[in-house]
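Everything on this sheet refers to the single structure shown next.
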Amino acid sequence: MHVPNGGQRSARAGAYLKAEGAVPGYPDIMVFAPRLFREDMNPGAQLYNGLSIELKVFSNKPDANQLNIHNVLRDAGWIVSVCYGLGEVEAIAKAYFQK
């Protein structure tokens, strides 16, 4: 699923989204599929509750809201990845789904 939290919006549109429960900082892509995942730095397979991907361009870094949500997700058993291009998204997805 894609989280439509980004983009420029009017104050009215922002207030409407907030009233509907939008929370700033959620990653752009959320995969709600538990998987055994083996990271290069972790030789043992571990069960994760899902995969979240934050999409960034150039030298942009996650902001404070994003880092907070990333920590919440990690504490809940999710893999959080910040990707800077399609190649990185493809690599983490293939590794997560072991393909």
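Elements of the type helices (runs of 4 or more DSSP H) sitting completely within the chain and holding at least 3 residues that are modelled with pLDDT under 85: these cover 11-19. For the range 42-92, the candidate set comprises residues that are among the acidic types (Asp, Glu) and over 15 Å from Pro24 (Cα atoms); within that set, the residue that is surrounded by the most Cβ atoms within 10 Å (Cβ to Cβ) is Glu88.
The values are calculated or read from the model by the stated rules, or taken from the named source; none is laboratory data. Everything numeric in this text was worked out from a predicted model, so none of it was measured. So basically every Cβ, Gly included, is an ideal-geometry build from the backbone, and we count neighbours across all protein chains shown.
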